[in-house]
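Student: Below is one structure. I have some questions about it.
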Amino acid sequence: MKTDSTPTHTAVAPESLSTQLQYQTGSTGIQSLVMEGADLNALADQFGTPLYVYSAQHIIDAYQAYAQACEGLADATICYAVKANSNIHILALLAQQGAGFDIVSAGELARILAAGGNPAKAVFAGVGKTSDEIRFALEKGVGCFNVESEQEMARIANVAQSMGVKAKVSLRVNPDVDAKTHPYISTGLKENKFGVSMEAAPQVYRFAHQSPWLEVHGVDCHIGSQLTDASPYFDALDRVLALLDQLSAEGIEINHLDLGGGIGIRYLDETPPSPKDVLPALIAKVKTWAQAKGRSMPTLSFEPGRSIVGNSGVLLTEVQFIKQNGDKNFAIVDAAMNDLMRPAMYQAFHGVAELQKDAAKPSQLVDLVGPVCESGDWLARNRNLHIEQGDRLAILSAGAYGQTMASNYNSRGRCAEVLITQGQARLIRTRETIEDQLRNEIGL
Ligand code: LLP
């Protein structure tokens, strides 16, 4: 993952991140940043800042790139990873496109139900599913549990038995490959908490296979996030197919492969593979394997999150003050680490662009920081920007793991969200008020 380090960064052109972002030059020579044709500065006037704004067309195009990469493969499912951005309007948009969903909590299941998503096309992952969550998922007819331990397999069997139903399960295996990404978002190494090792997997499958309350559906493998190199996918697939051969020799036939998510996006100058660079080659590899073994082609699913929504969204913010401390200039903006956690948590790099770019204004080298009482509350470092107090900026590539990781730290209300569809902006989440925050603090 690109980290934001001390040398001065060259500006990121918003156009290089999404075809839906452009600068338009007005009669005064000032350039306005527009998304799907909607002027972002006007949206900041209308809805206030900080504000998340997303392009529906970007999301549709990104989803369709996956759907098209699976063309010709019957029953392939693209299960959008809800954790990347869980606004129900975005989930509804994806459900309309035919997406399934990758969920990790009862809350995410409730969201896809609220959005009109099909629970039968949902897979339920996560290392710590409670009995209540498992029961809720069985009641709602979730398609499959991606099981992360032997203990969880036993718990699902118990809950299914208590309800007199059979639960469909896939085992999430940990193939021990290095996804070559940030350590916090690398999940396929032995030392990660995710999944079951290849050595331990057969034993867990045997248990599931003999249980009358479990139906062994498939195998699941997700190795990490923000992958910019496709080779770890192929290494992981080799290991998964070897496991399937081993299980087949024992009479346990697996006919479904969930190959996870993780394809990266451009934040600065990365050149991540596109779905069509990765999926057809993975599919071909599975086909070759199936033919060689004389078995039918397994069904496949994928779990992309970031690559669907990451570059669909920007976080708009307004410069409150520009302040000099020692050698450094700080642009203090009204967005903060509680709104976009990624820089504070991973030192992640996000591009920054002026909403109204006026080359006549002198540019200054600034760190973009928020009002939260933490030195870690920064959003971008060492950027040359044509700004003065009161100007607005877009923090780019903020559609994934932005609002979903937001908090109320410093008793700040979470941002409003706007979705642009064919140039029309619609408020899809209101700004959180102090009444919203105090509602659950009862009894004083
Ligand atoms: N499937 C599973 C089992 C996952 O754990 C994840 C992400 C995905 C799919 C979706 O991965 P994606 O296609 O979005 O890379 N907060 C971090 C990212 C955490 C990713 C967690 N798992 C960030 O802001 O970079």
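The values are calculated or read from the model by the stated rules, or taken from the named source; none is laboratory data. Bear in mind that the values here come from a model prediction, so they are computed numbers and not experimental data. Because the Cβ atoms are built from the backbone with ideal geometry, glycine has one as well, and the counts that use them run over all protein chains shown. Just so you know, the surface numbers come from the protein's heavy atoms only, side chains and all, with ligands and any DNA or RNA stripped out. Shrake-Rupley method; radii C 1.70, N 1.55, O 1.52, S 1.80 Å.
Student: How do 21-32, 410-421 rank on mean C-beta neighbours within 10 Å, highest first?
Tutor: 410-421, 21-32
Student: Only residues of the stretch 42-68 count here: report those whose backbone N is under 13 Å from the spot 7 Å along Cα→Cβ of LYS276, or say none.
Tutor: Within reach of a label on LYS276: 62, 64-68.
Student: Label points 7 Å out from Cα along the Cβ direction at LEU444 and ALA114: separation in nm?
Tutor: It works out to 2.6 nm between the two label points.
Student: Related question: Starting from the Cα-Cα distance between ALA11 and MET163, subtract it from 0.36 nm times their residue separation and give me the gain in nm to one decimal.
Tutor: Here the answer is 49.0 nm.
Student: If I model a spin label at GLN64 and GLU388 as a point 7 Å from the Cα along the Cα→Cβ vector, what separation in nanometres do I get?
Tutor: Each label point lies 7 Å from its Cα, and together they span 4.4 nm.
Student: Limiting things to C-alpha atoms, what are the Rg and the maximum Cα-Cα separation (Dmax) for the chain, in angstroms?
Tutor: 23.1, 74
Student: Another question, if that's okay. Nearest 500 deg cm²/dmol is fine: what mean residue ellipticity at 222 nm does the chain get from its DSSP H runs of n ≥ 4 alone, each adding -39,500 (n - 2.57), divided by its residue count?
Tutor: -8500 deg cm²/dmol
Student: Something else about it: Skip the ligands, DNA and RNA, and give the accessible area per residue of the chain with a 1.4 Å probe, whole Å².
Tutor: About 41 Å² of surface per residue is accessible.
Student: Which of rounded, prolate or oblate describes the stretch 310-444 when judged by the alpha-carbon gyration tensor and an a/c cut-off of 1.5?
Tutor: It is oblate, given that a/c is not under 1.5 and a/b is not larger than b/c.
Student: What residues qualify as long-range amide H neighbours of ALA167, i.e. H under 5 Å apart, gap of 5 or more or another chain, H built at 1.01 Å from N?
Tutor: The answer is LEU214, GLU215.
Student: What is the local net charge at HIS89, summed over the other residues whose Cβ is closer than 14 Å to its Cβ (Lys, Arg +1; Asp, Glu -1)?
Tutor: That sum, taken over residues with Cβ under 14 Å, equals +2.
Student: What net charge do the residues around SER131 carry, taking every other residue with its C-beta under 14 Å from that of SER131, with Lys and Arg at +1 and Asp and Glu at -1?
Tutor: Its environment carries a net charge of -1.
Student: For the stretch 121-166, report the % of Cα-Cα distances exceeding 11 Å.
Tutor: 63 percent
Student: Take the solvent-accessible surface of the protein heavy atoms, probe 1.4 Å, and return the percent of it on the chain that carbon and sulfur atoms account for.
Tutor: After summing per-atom areas, the C and S share lands at 48 percent.
Student: Please give the length that would be gained between ARG431 and LYS323 if that part of the chain were fully extended, namely 0.36 nm times their separation in residues minus their C-alpha to C-alpha distance (nm, one decimal).
Tutor: Result for the pair: 36.1 nm of gain on full extension.
Student: Still on this model: In nm, what is the difference between 0.36 nm times the number of residues separating LYS180 and GLN210 and their Cα-Cα distance?
Tutor: Length gained between LYS180 and GLN210: 7.1 nm.
Student: Continuing with the same structure: Using the Cα atoms of the stretch 198-356, I'd like the radius of gyration and the largest Cα-Cα distance, Dmax, both in angstrom.
Tutor: For the stretch 198-356, the Cα radius of gyration and maximum Cα-Cα distance read 22.4, 71 Å.
Student: Expressed as a fraction of 2.2 N^0.38 Å, the rule-of-thumb size for a compact globular protein of N residues, what is the C-alpha radius of gyration of the stretch 118-304?
Tutor: Dividing the Cα radius of gyration by 2.2 N^0.38 Å gives 1.02.
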